[in-house]
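The values are calculated or read from the model by the stated rules, or taken from the named source; none is laboratory data. Predicted model, so just to flag it, every value in this text is computed and none were measured. FYI the Cβ positions are ideal-geometry reconstructions off the backbone, even for glycines, and counts take in every protein chain you see. Just the protein is used for accessible areas: all its heavy atoms, side chains included, with ligands, DNA and RNA removed. Shrake-Rupley method; radii C 1.70, N 1.55, O 1.52, S 1.80 Å.
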Amino acid sequence: MDRMDRVDRDEPVSPAWELLLPAASAPARTRGRSLQAALREAVRSGRLAPGTRLPSSRDLAADLGVSRGLITEAYEQLTAEGYLRSGRGAGTWVGSAVREARTRARDLAPRSRGARVDFVPGTPDLSLFPRSAWAAAQRGVLAELPHQELGYPDPRGLPRLRTALAGLLARRRGVVADPERIVVVSGVTQAATLLGFALHARGVRSVGVEDPGSPQHDALYASAGVTAVPLPVDGGGITLEPLRASGVRAVVTTPAHQFPTGIAYSARRRAELLDWARSVDGIVLEDDYDGDFRYDRAPVGALQGLDPDHVAYTGSVSKSLAPGLRLGWLLVPESWAEEIVERKRTMDLGHPTLDQAMFARFLERGDYDRQLRRCQRAYRERRDALTAALDEHFPGSRVSGIAAGLHVIATLPERYGPEDRFLTRVAAAGVAVHPLSAYMHPSPAREGPDGPKRVRLVLGYAHVPPARIDEGIRLMAEAATR
């Protein structure tokens, strides 16, 4: 008797036996799990539509050449999971609760799409990542790490790493670094988020941010229930009158190399900012995002060293190693330490232990200092290449800001404006650039109805080889003069 004779001819015949044939050929030890997985996937993908009646366990076992027990077990398991439904004497059917799974994995990482040259600011040269030294650190850690350290870590971070970071920050950035108040975080973004939650818990609903400044601040602090209040920046740093008038008790700053204008806060403005923080019993979050990279002199020391009780200091390896490591630090005032650490604990139970141990070893062996020197040489060379290319292809342009970091502000002569026309032409030539206006909060006083007329660009150079820098600036000049 063939298969069609074994079922009611008025009912649809299930193709399940055809879909399960490969699984039925699996080794006996794994055949049951293979059958269940194949049947589950057939339902998920829609190849077995909701309402489809499956063959009886006896018939399907005969078709596949397997034991009836395997089919019965598969039916029972998938019925328990909701993929199938059955009733006494009514057979087995595909359930209606299952929806087709979306199996495509999208890549949402921020990347340049199709530009011949991309001058995006803030991006390091990822080809400088010290793979050999990092691999050696990994091998050393895996060989020596005690088993118990693979458990849940101190939410502040491994004591070994916090001790190494305290030495690094005190030596290179002039920070008053107590290992007990260092929290290892997954980058500056998490540090800011932790502070945002701590502010909210204290009843603070607003935080001052530099304008121009990072465009991420609004959404980042909003996620913690705190509103970002833009405060203008001048040649000395964040301006004090708007800060005092704003009523905020917390402010986020980049005093060593303001992003994006490139200035360093003046000594007077640093002192005034700390006086303000003391007068309102407030806190300053110092984002030292590229403080190690100064090319004309020693870097200006961190603001935190002047008043550890009113400044929280944060930094990361995103510019020196790679942002994909998601590894940074937050040094908090003693009065904020307990709530910041508790928030870190409830957020993720601490940073991954192996990553911390590897970075600690990397610091202890001097590899990180060598990496900083390597990056500084490369980035200084590229900054020089960029300024030379601007002098050649855009005569009369002006580069502002201190000789530091991974980007410059280039102000082009008026003949290249207005800005929107310039940006359209440059984009058509395959060069990606970012105007300074993109980092400013909208203000009628800054631009008229026709938009900014003077072209001011934030040009990142660290990730672009010198030859490509010259090519990109040349393409910009050719596009702008067509």
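At-a-glance table
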item: For segment 195-329, convex hull volume per residue from C-alpha positions, Å³; result: 110
item: Probe 1.4 Å - accessible area at residue 434, Å² to nearest ten; result: 60
item: The chain - percent of accessible surface contributed by carbon and sulfur, probe 1.4 Å; result: 50
item: Spin-label pair residue 201/residue 335, simplified geometry with 7 Å Cα→Cβ offset, distance in nm; result: 1.6
item: Probe 1.4 Å, accessible area per residue of segment 78-224, Å²; result: 55
item: Residue (of 161, 311, 130) at the positive-pole extreme of the chain, dipole from beta-carbon charges; result: 130
item: Per-pair calculated FRET efficiency, R0 = 35 Å: residue 245 and residue 127 via Cβ, rounded to 0.05; result: 0.15
item: Segment 145-177 residues near the modelled residue 369 label - backbone nitrogen below 17 Å, point 7 Å along Cα→Cβ; result: 163-175
item: Heavy atoms of residue 431: accessible area, 1.4 Å probe, square angstrom to 10; result: 0
item: Taking only Cα atoms of the chain, radius of gyration then Dmax in Å; result: 30.3, 97
item: Trypsin sites (Lys or Arg not before Pro) restricted to segment 204-269 and DSSP loop, no more than 15 other C-beta within 10 Å; result: 205
item: Leading residue at positive end of dipole, the chain (Cβ point charges), from 271, 422, 475; result: 475
item: In sequence order, calculated HN-Hα J values of segment 357-372 (Karplus, 6.51, -1.76, 1.60; Hz; x Gly/Pro); result: 5, 5, 5, 4, 5, 4, 5, 4, 8, x, 5, 5, 4, 5, 5, 4
item: Rounded to the nearest 10 Å², the accessible area of residue 420 at probe 1.4 Å; result: 90
item: 321, 220, reordered so the largest accessible area comes first (probe 1.4 Å); result: 220, 321
item: Fraction of beta bridges assigned by DSSP in the chain that are antiparallel (%, nearest 5); result: 60
item: Protection proxy ranking of 89-98, 323-332, 291-300 - average other beta-carbon atoms within 10 Å, highest first; result: 323-332, 291-300, 89-98
item: Computed [θ] at 222 nm, deg cm²/dmol, the chain (DSSP H ≥ 4; -39,500 (n - 2.57); rounded to nearest 500); result: -12500 deg cm²/dmol
item: Spin-label model distance (nm) - residue 482 vs residue 99, 7 Å beyond Cα toward Cβ; result: 4.6
item: Coil-residue trypsin sites (Lys or Arg not before Pro) of segment 377-406, DSSP, other Cβ within 10 Å capped at 13; result: none
item: Lys, Arg +1 and Asp, Glu -1 on Cβ, resulting dipole of the chain about Cα centre, debye, nearest 20; result: 820
item: Cα centre as origin, Lys/Arg/Asp/Glu Cβ charges: segment 256-381 dipole, Debye; result: 680
item: Per-selection Rg to Rh, segment 252-309 - Cα, Kirkwood hydrodynamic radius; result: 0.96
item: Mean-position separation - Cα centroids, segment 158-210 and segment 392-422, in angstrom; result: 34
item: Segment 304-393: mean projected area of Cα convex hull, nm²; result: 8.8
